Amino acid sequence: MTSKKNILQRVCYTDLVYKRINKKLGINYSNNDIENLVKKTVLEADKLDHKGKNYYIYDYTSNIRITINANNFRVITADKLTF
């Protein structure tokens, strides 16, 4: 099982993912702010699932799920959690 520390050491971003995260979360963060948000979400994660080729990282306090590719550790998207 991959640890939170390992994910944080290897996580990477594309230009497109910054725009996608802003759009899906309804925010207008800078690239640096988004990287800090991802770091915070991973560190404070309540649940980390490895399903197929992705990691799904859940932070129920912030109601955010981050999806990261398990092969190259590239951030794919972020979603608001609704209950």
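Within the stretch 35-62, how many residues turn out to be surrounded by fewer than 15 Cβ atoms within 10 Å (Cβ to Cβ) and part of a strand (DSSP E or B)?
Residues flagged as surrounded by fewer than 15 Cβ atoms within 10 Å (Cβ to Cβ) and part of a strand (DSSP E or B) within the stretch 35-62 amount to 4.
For T77, only one of the following conditions fails: (1) surrounded by 13 or more Cβ atoms within 10 Å (Cβ to Cβ); (2) assigned to a loop (DSSP other than H, G, I, E, B). What is its number?
Failed condition: (2).
Need the failing condition index for V75 against (1) touching a residue at least 60 places away in the same chain (Cβ under 8 Å); (2) over 12 Å from V11 (Cβ atoms); (3) of a type outside the set (D, E, K, R), just the number.
Going through the list (1) touching a residue at least 60 places away in the same chain (Cβ under 8 Å); (2) over 12 Å from V11 (Cβ atoms); (3) of a type outside the set (D, E, K, R), V75 breaks only (2).
Quickly run through the stretch 13-34 and pick out the residues that are touching a residue at least 40 places away in the same chain (Cβ under 8 Å), closer than 15 Å to R74 by Cβ and surrounded by 12 or more Cβ atoms within 10 Å (Cβ to Cβ).
Of everything in the stretch 13-34, those that are touching a residue at least 40 places away in the same chain (Cβ under 8 Å), closer than 15 Å to R74 by Cβ and surrounded by 12 or more Cβ atoms within 10 Å (Cβ to Cβ) turn out to be Y13, V17, R20, I21.
When you check T77 against the structure, is it of a type in the set (S, T, N, Q) and at pLDDT below 95, yes or no?
On the way: of a type in the set (S, T, N, Q): yes; at pLDDT below 95: no.
Here the answer is no, as T77 does not meet what is asked.
Criterion first (at pLDDT 95 or above, in contact with a helix residue (DSSP H, G or I) (Cβ under 6 Å, 6 or more places away or on another chain) and closer than 12 Å to T67 by Cβ) does I21 satisfy it? Working first, answer last.
On the way: at pLDDT 95 or above: yes; in contact with a helix residue (DSSP H, G or I) (Cβ under 6 Å, 6 or more places away or on another chain): yes; closer than 12 Å to T67 by Cβ: yes.
So I21 passes the test.
Looking at (1) free of Cβ contacts under 8 Å to residues at least 24 places away in the same chain; (2) in a loop (DSSP other than H, G, I, E, B); (3) crowded, with 18+ Cβ neighbours inside 10 Å, can you tell me which one R65 breaks?
The one condition R65 does not meet is (2).
Have a look at N28, N36 and point out the one that is among the polar types (S, T, N, Q), out of contact with any strand residue (DSSP E or B) (no Cβ under 9 Å at 6 or more places or on another chain), modelled with pLDDT of 95 or more and farther than 18 Å from K4 by Cβ.
N28
Scan N6, N71 and give me the residue that is surrounded by fewer than 16 Cβ atoms within 10 Å (Cβ to Cβ), in a loop (DSSP other than H, G, I, E, B) and at negative phi.
Details: N6 fails: in a loop (DSSP other than H, G, I, E, B).
Selected residue: N71, the only one of N6, N71 that is surrounded by fewer than 16 Cβ atoms within 10 Å (Cβ to Cβ), in a loop (DSSP other than H, G, I, E, B) and at negative phi.
Among the candidates L37, L8, which residue alone is within 11 Å of the chain's Cα centre (by Cα) and either within 21 Å of T82 (Cα to Cα) or free of Cβ contacts under 8 Å to residues at least 24 places away in the same chain (or both)?
Numbers: L8 fails: either within 21 Å of T82 (Cα to Cα) or free of Cβ contacts under 8 Å to residues at least 24 places away in the same chain (or both).
Unique residue meeting the criteria: L37.
So, Y58, is that one in contact (Cβ under 8 Å) with a residue 12 or more places away in the chain and hydroxyl-bearing (S, T, Y) or not? Talk me through it step by step, then tell me what you get.
On the way: in contact (Cβ under 8 Å) with a residue 12 or more places away in the chain: yes; hydroxyl-bearing (S, T, Y): yes.
So Y58 passes the test.
The values are calculated or read from the model by the stated rules, or taken from the named source; none is laboratory data. Note that this is a predicted model, so its numbers are computed, not measured. Backbone-built Cβ (ideal geometry, glycine too); neighbour counts: all protein chains shown.
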